[in-house]
Amino acid sequence: MTTASGSPSSPSSPSSSPSCSPRRRPRPPLRSRRGRRPLRRWCAMTEMTMRRAHIGDHGTIVECVRTWWGDSRTPEQARELSLLLPRLFLQFFSGTSLVLEDTGRIRAFLVGFYAADNDDEAYIHFVGVDPALRGRGVGRELYTAFLRRAAEAGRREVRAITSPGNTGSVAFHRAMGFTVETGDREVDGLSVHSDYDGPGQHRVCFLRRIADSPSPQRA
């Protein structure tokens, strides 16, 4: 489930794995004369880089989820959220997942993969962004990179889901060009798929066609 982010071999040691940036107060928005600066320019200023994820990132990403969502959830709720990212996602789908880091610290990530049962679909499972960077287009940059790579791999559709109450996620996906797939009920005017992830676990399902699709709106 998107949100806004095992092999028998031993995990990487702290010295060899990028660290999760600590929770901090959000910095004031960076603005130019015409408004907020594009992310690429801001990233260049801070030496931030985007790369493919690797299995050694797993422990750090789990730590990031528990830290970054600690201001809006109890420790137990943040821990439960991190369980949505078992090691298998980076064991088998690191090549299609992305990490944004700054001087060895993970600042944002996207876990996604391409369907194994067909050659057309891709799926975004989980996205996380350091609270200090939220609202600066980081999520949009990760999505755009994933969409571009999926298109280059011949994928024509990208899917994602969220909870009906996650209005921020719904707005973000719509701004990124996703449409809400028709479900079997409505919740506050939003089409929802009942019991999608089990009894009472209703979900909003998103679809974006990336073949000859328009550029995403600014989110």
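Yes or no, residue by residue, for (1) in a helix (DSSP H, G or I); (2) among the aliphatic types (A, V, I, L, M); (3) closer than 26 Å to S94 by Cβ:
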site: G154; (1), (2), (3): no, no, yes
site: H173; (1), (2), (3): yes, no, yes
site: Y196; (1), (2), (3): no, no, no
site: L207; (1), (2), (3): no, yes, yes
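Just one of the listed residues (T67, T46, T74) is modelled with pLDDT of 95 or more, of a type outside the set (D, E, K, R) and either within 15 Å of A145 (Cα to Cα) or over 15 Å from the mean Cα position of the chain (by Cα) (or both), and it is T67.
Scanning the stretch 110-133 for residues that are among the charged types (D, E, K, R) and farther than 14 Å from A160 by Cα, we see that the one that is most open to solvent (accessible area, probe 1.4 Å) is D117. Looking across the stretch 100-131, the residues that are among the hydrophobic types (A, V, I, L, M, F, W, C) and more than 22 Å from I210 (Cα to Cα) come down to L100, I106, A108, V129. Only one entry in R155, R136, R140, R208 is crowded, with 17+ Cβ neighbours inside 10 Å and at pLDDT below 95, namely R136. Listed by first and then second residue, the pairs with beta-carbon distance under 8 Å, at least 6 apart or on different chains, first residue in the stretch 52-67 and closer than 14 Å to R79 by Cβ, second open to solvent by 40 Å² or more (accessible area, probe 1.4 Å) and part of a helix (DSSP H, G or I), are R66/P75; R66/R79. The residues of the stretch 156-167 that are under 10 Å from I210 (Cβ atoms) and assigned to a strand (DSSP E or B), listed by number, are E157, V158.
The values are calculated or read from the model by the stated rules, or taken from the named source; none is laboratory data. In this text, all values refer to a predicted model and were calculated from it rather than measured experimentally. FYI the Cβ positions are ideal-geometry reconstructions off the backbone, even for glycines, and counts take in every protein chain you see. For the accessible areas, the whole protein counts, side chains as well, though only heavy atoms, and no ligand, DNA or RNA atoms are used. Shrake-Rupley method; radii C 1.70, N 1.55, O 1.52, S 1.80 Å.
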